[in-house]
Amino acid sequence: MEKRFVYADNAATTRISKAALDAAMPYLTEQFGNASAVYSLGRKSREAILKARQQAAKALGAEVYEIYFTSGGTEADNWAINACAQLGEAKNKKHIITSSIEHYAVLESCKALERQGFEFTYLPVSDDGFVSVSDLEAAIREDTCLVSIMAANNEIGTIQPIADIGKLCRKKSVLFHTDAVQAMGNIAIDVNEMNIDLLSVSGHKIHAPKGVGCLYCSKSIDLPSFIKGGHQERGKRAGTENTAFIAAFGEAMEQASKGISERAAFVKGLRDRLIKGLDGIEKMDINGSLDNRLPGNVNLSFYGIEGEGLIIVLDMQGICVSSGAACASGSLEPSHVLLALGKSETQAQGSVRITLNEENTEEDVDCISQKLKEAVEHLRSVSPLWDNG
Ligand code: PLP
């Protein structure tokens with residue numbers, strides 16, 4: 001098989017779409033006005049931001065004034081959690097519930113609040129990667145001010161029962177935040193139907209540029225400000241708006257909310273073909289359930305080898321995949337998500353995440369399965385761990 005470039009790390013980031021790039025270009029060139037300026041050059045930028053806000057709101061079933069543009073998913077998560085903690089503290093409610101498989105943007109925000117005296121319950125997940133709604137119900141206390149559970153996991157792709165969680169939180173009058181960074185574009189989201197109070201999205205996971213995203217916050221919440229300064233984002237997130245990236249993000253949100261089931265069916269077909277293509281590899285586990293999972297996600301553990309080694313060998317063949325979360329790469333810490341599923345450190349260290357999207361082809365996945373088979377065979381042939389095990 002010929003060497004070809006295959007990008008299969010779409011949970012880490014995606015290629016910017018032509019539609020998003022076209023939406024951004026005018027504001028990087030002729031239409032460079034500051035959106036706060038009164039003259040028409042400024043007005044053009046203001047109009048672009050309003051359009052993007054409308055597109056983002058529509059994609060989530062929200063109102064325009066419930067959308068706050070941010071620098072991405074990390075900022076939206078930090079803002080949501082800190083804002084709800086602040087609102088809770090004012091009512092003497094300092095207990096927050098989250099899960100053990102959240103992204104670091106959530107977990108590190110929680111750790112910082114723990115140091116300030118907040119109490120946390122980190123819900124466990126089943127061995128196939130799901131939070132249980134009855135565990136959540138049992139964990140909710142009188143002083144719980146927030147439940148933050150991700151819509152879909154970035155490492156194993158499991159989709160959490162967010163509509164049920166939203167319903168329960170509404171019944172118990174507890175605020176519900178969901179990190180929908182990986183879910184956006186893969187599952188239909190309606191913040192009202194799902195009783196979601198706050199939700200985070202990131203642009204670069206849905207074909208917009210890196211460094212832009214949004215926080216949805218229900219109009220029923222008096223959202224505390226995050227960045228102090230000018231009047232931008234209704235005075236809650238100050239700083240001159242990144243008009244070009246916001247325009248691209250609005251376009252990406254519109255595209256992401258369209259054709260979800262067709263896209264998912266196509267990508268799932270590729271994923272199933274890939275898994276079939278890996279038939280015959282000994283001692284390989286698929287991590288997390290294959291049902292209720294993002295269509296493009298395959299997370300595998302191979303006994304006797306290190307995921308990092310496998311990634312380097314695949315990279316030499318032109319294939320981009322990752323081990324664990326992209327942000328955690330570079331450290332050989334085993335993935336907290338795989339450990340939460342009850343996997344051993346060795347299994348977690350021998351893991352690889354392949355994330356396909358609608359830009360991939362059957363040729364891509366056939367290339368991945370063949371090169372992966374060869375790489376596993378080669379690495380095991382030189383691995384003392386494989387001899388032992
Ligand atoms: N939340 C999840 C689930 C993610 O996968 C990521 C990125 O990997 C983030 C948050 C952070 O988003 P951003 O890269 O836009 O800061």
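The values are calculated or read from the model by the stated rules, or taken from the named source; none is laboratory data. The structure displayed is predicted, hence computed values, not measured ones. Positions of Cβ are generated from backbone atoms using ideal geometry, with glycine treated the same way; all protein chains shown enter the neighbour counts. Surface accessibility is based on the protein's heavy atoms, side chains included, excluding ligands, DNA and RNA. Shrake-Rupley method; radii C 1.70, N 1.55, O 1.52, S 1.80 Å.
Taking the criterion of being of a type in the set (Val, Ile, Thr) and part of a helix (DSSP H, G or I), the residues of the stretch 335-386 that qualify are 337, 346, 365, 368, 376. Taking the stretch 90-126 as the range and being under 12 Å from residue 146 (Cβ atoms) and either charged (D, E, K, R) or within 16 Å of the ligand (Cβ to nearest atom) (or both) as the test, the residues that pass are 91, 93, 94, 98, 106, 109, 110, 119.
Report yes if residue 135 is at pLDDT 95 or above and touching a Gly at 6+ places or on another chain (Cβ under 8 Å), otherwise no. Criteria not met by residue 135.
Residue-level check: of (1) in contact (Cβ under 8 Å) with a residue 40 or more places away in the chain; (2) open to solvent by 10 Å² or more (accessible area, probe 1.4 Å), residue 228 misses just (1). Assess whether residue 45 counts as being farther than 25 Å from residue 191 by Cα, at pLDDT 95 or above and in the same structural domain as residue 225 (by TED's automatic domain parsing). Answer is yes for this residue.
Listed here are the residues, each with its yes/no results for (1) assigned by TED's automatic domain parsing to the domain that holds residue 78; (2) farther than 22 Å from residue 293 by Cα; (3) open to solvent by 10 Å² or more (accessible area, probe 1.4 Å).
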{"position": "104", "(1), (2), (3)": "yes, no, yes"}
{"position": "107", "(1), (2), (3)": "yes, no, yes"}
{"position": "111", "(1), (2), (3)": "yes, yes, yes"}
{"position": "139", "(1), (2), (3)": "yes, yes, yes"}
{"position": "155", "(1), (2), (3)": "yes, no, no"}
{"position": "158", "(1), (2), (3)": "yes, no, no"}
{"position": "171", "(1), (2), (3)": "yes, yes, yes"}
{"position": "181", "(1), (2), (3)": "yes, no, yes"}
{"position": "193", "(1), (2), (3)": "yes, no, yes"}
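For the stretch 131-149, a tally of residues being in contact with a helix residue (DSSP H, G or I) (Cβ under 7 Å, 6 or more places away or on another chain) and either in contact (Cβ under 8 Å) with a residue 60 or more places away in the chain or among the aliphatic types (A, V, I, L, M) (or both) returns 7.
To keep it simple, each residue is scored yes or no on (1) open to solvent by less than 50 Å² (accessible area, probe 1.4 Å); (2) in contact with a helix residue (DSSP H, G or I) (Cβ under 9 Å, 6 or more places away or on another chain); (3) in a strand (DSSP E or B).
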site	(1), (2), (3)
176	yes, yes, yes
190	yes, yes, no
196	yes, yes, no
216	yes, yes, yes
219	no, yes, no
250	yes, yes, no
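Suppose the filter is in the same structural domain as residue 182 (by TED's automatic domain parsing), surrounded by fewer than 16 Cβ atoms within 10 Å (Cβ to Cβ) and either assigned to a loop (DSSP other than H, G, I, E, B) or under 18 Å from the mean Cα position of the chain (by Cα) (or both); does residue 38 pass it? Yes, satisfied. The set of residues in the stretch 64-102 that are surrounded by 23 or more Cβ atoms within 10 Å (Cβ to Cβ) and in a loop (DSSP other than H, G, I, E, B) comprises 72, 101, 102. Filter the stretch 349-389 down to the residues that are of a type in the set (Ser, Thr, Tyr) and over 27 Å from residue 294 (Cβ atoms), then identify the one that is least open to solvent (accessible area, probe 1.4 Å). Out of the qualifying residues, it is 383. Taking first residues from the stretch 258-286 that are in the same structural domain as residue 10 (by TED's automatic domain parsing) and partners that are open to solvent by 90 Å² or more (accessible area, probe 1.4 Å) and part of a helix (DSSP H, G or I), the Cβ contacts under 7 Å between residues at least 6 apart in sequence or on separate chains come to 270/362; 273/362. Across the stretch 197-245, the qualifying residues are those that are within 14 Å of the ligand (Cβ to nearest atom) and of a type in the set (Val, Ile, Thr), and the one among them that is farthest from residue 28 (Cα to Cα) is 201.
Every residue, every condition in (1) away from the ligand (no atom under 16 Å from the Cβ); (2) open to solvent by less than 50 Å² (accessible area, probe 1.4 Å); (3) out of contact with any Pro (no Cβ under 6 Å at 6 or more places or on another chain); (4) not hydrophobic (A, V, I, L, M, F, W, C), yes or no:
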| position | (1), (2), (3), (4) |
| --- | --- |
| 267 | yes, yes, no, no |
| 272 | yes, no, yes, yes |
| 278 | yes, yes, yes, no |
| 294 | no, yes, yes, no |
| 300 | yes, yes, yes, no |
| 340 | no, yes, yes, no |
| 347 | yes, yes, yes, yes |
